[in-house]
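Asks: Pasting a structure below so you can have a look.
Bear in mind that the values in this text are calculations on the coordinates, not laboratory data. The structure presented is a predicted model; accordingly, all values stated were derived computationally and were not measured. Using ideal geometry, Cβ is built from the backbone for each residue, glycine included, and neighbour counts are taken over all protein chains shown.
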Ligand code: CMP
């Protein structure tokens, strides 16, 4: 990923409410390029594995239930210094604490139903991108 790619997920709250188009437009306006995207409904096993780092947290079961409640939209994004840029663009986990103009301030419902996920490091970005986009030919073809 070399600093220029990151993984995002438009979560079931936002996707189900028809906000995906606006969120993608918002990110594109900020210079992110969509390299790959898919629409899918996570299984309990997939959501549990994706969020395994939070397994001991009190909200883990609720988070997995939420993330499997409907379709979501994982996307591989490209921009210079992508991880930091995307985390700035989406804002704080809790929309009540997110800065004006961020995706979560504009589109999120609550701390759990917070519209969008973003990788928190380059290493996790690589791992998360491989989780949803294991076809390395597709990734290589994007340069
Ligand atoms: P995300 O950036 O995808 O990473 C972990 C997710 O857990 C987070 O967004 C929220 O959806 C959820 N989350 C984090 N903290 C809490 C909390 N205190 N209560 C409920 N959900 C949370």
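Asks: So what's the back-of-envelope 222 nm ellipticity for the chain, counting only DSSP H runs of four-plus at -39500 (n - 2.57) apiece and dividing by all residues, rounded to 500?
Replies: About -11000 deg cm²/dmol.
Asks: A further question follows. Highest mean first, what order results for 122-129, 30-37, 101-108 on Cβ atoms within 10 Å?
Replies: The peptides rank, most packed first, as 101-108, 122-129, 30-37.
Asks: Once label points are set 7 Å from the Cα along Cα→Cβ at both residue 130 and residue 69, what is their separation, rounded to one decimal in nm?
Replies: 3.2
Asks: Tell me the label-point distance for the pair residue 96, residue 123, using the 7 Å Cα-to-Cβ offset, in nm and rounded to one decimal.
Replies: 3.3
Asks: Another question, if that's okay. Taking each pair of distinct Cα atoms in segment 90-137 once, what is the resulting Kirkwood hydrodynamic radius in Å?
Replies: Every distinct Cα pair counted, the radius reaches 11.8 Å.
Asks: In Å, the Kirkwood hydrodynamic radius of segment 27-111 over pairs of distinct alpha carbons?
Replies: When all Cα pairs of segment 27-111 are included, the Kirkwood radius is 14.4 Å.
Asks: For a quick check, take a GNM of the chain with Cα springs below 10 Å and name the residue from 119, 62, 110 with the largest mean-square fluctuation.
Replies: Result: 62 has the largest fluctuation of those listed.
Asks: To two decimal places, what compactness ratio does the chain give when its Cα radius of gyration is scaled by 2.2 N^0.38 Å?
Replies: That works out to 0.97 for the chain.
Asks: Would you kindly state how much longer the chain becomes between residue 29 and residue 87 on full extension, computed as 0.36 nm times their sequence separation minus their alpha carbon distance, in nm to one decimal?
Replies: Extending this stretch completely gives an extra 19.4 nm.
Asks: Using Stokes-Einstein with the Kirkwood hydrodynamic radius over Cα pairs, what translational diffusion coefficient do you get for segment 1-51 at 4 °C and a viscosity of 1.567 mPa s, in µm²/s rounded to a whole number?
Replies: It diffuses with D of about 102 µm²/s by this estimate.
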